[in-house]
Amino acid sequence: MISVLNKVTENILVGVFFVMTLSVVWQVMSRYLFNISASWTEELARFCLMWLAVLGAAYITGKRGHIEIDYFFDKFSPSQKRRLDYFVETLILIFAVVILIIGGAYLMYMTFYLEQKSPALQVPLGLVYCILPISGALMVVYTIDYMKQIKNINYSINES
């Protein structure tokens, strides 16, 4: 299931990056070749960048590629490493649920309720912000999956 989730997320990220690239290229071309400034391209690129950042963070969480400082971690015993790993994953889980899922869903709800639309594209901002709870849910799935694997990890003292 995780591999399918990774593949779908990768494809969405590539698609969003492609749309953002086309938007920026069109903005530059229209401005310098045709002397026309299309305001919607800047807004679309900004929304794509937001989606790339938030969805990319969830994807990196699943790939275990986020930044970590392991200087002190390597000095712990294997049982301490396992406990610390659980603690860090619990913090990630709390962040994903409270900030991304609950906070993101509330932001999404409020923008739909207030019928806010983006100035240039006129899309409901709730659609733009829907990536927050989606990414939060992905982080929860990835984190729970990793927490199930922690008990099988060999935390040897000489591990580098």
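The values are calculated or read from the model by the stated rules, or taken from the named source; none is laboratory data. Please read all numbers here as calculations on a predicted model, not as lab measurements. In this analysis, Cβ positions are derived from the backbone assuming ideal geometry, glycine residues included, and neighbour counts consider all displayed protein chains.
What the table below lists for this structure:
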read-out	value
Candidates S37, S23 - the one that is farther than 17 Å from V141 by Cβ, outside any helix (DSSP H, G or I), touching a helix residue (DSSP H, G or I) at 6+ places or on another chain (Cβ under 7 Å) and without any contact (Cβ under 8 Å) to a residue 40 or more places away in the chain	S37
Residue list for the stretch 116-146, filter: surrounded by fewer than 18 Cβ atoms within 10 Å (Cβ to Cβ), over 16 Å from A58 (Cβ atoms) and among the aliphatic types (A, V, I, L, M)	A120, L121, V123, L127
Residue under evaluation I131, criteria (1) among the β-branched types (V, I, T); (2) without any contact (Cβ under 8 Å) to a residue 40 or more places away in the chain; (3) in contact with a helix residue (DSSP H, G or I) (Cβ under 9 Å, 6 or more places away or on another chain), criterion not met	(2)
Filtered residues of the stretch 48-87 (kept if surrounded by 12 or more Cβ atoms within 10 Å (Cβ to Cβ), at pLDDT below 95 and among the hydrophobic types (A, V, I, L, M, F, W, C))	F73, F76, L84
Selected residue (criterion: farthest from G56 (Cα to Cα)) from residues of the stretch 103-115 that are out of contact with any Pro (no Cβ under 8 Å at 6 or more places or on another chain) and hydrophobic (A, V, I, L, M, F, W, C)	L114
Test for L13: is it closer than 18 Å to L132 by Cα, surrounded by 14 or more Cβ atoms within 10 Å (Cβ to Cβ) and out of contact with any Ser or Thr (no Cβ under 9 Å at 6 or more places or on another chain)	yes
Qualifying residues in the stretch 40-73 (those that are among the β-branched types (V, I, T) and in a loop (DSSP other than H, G, I, E, B)) - the one nearest to S3 (Cα to Cα)	I67
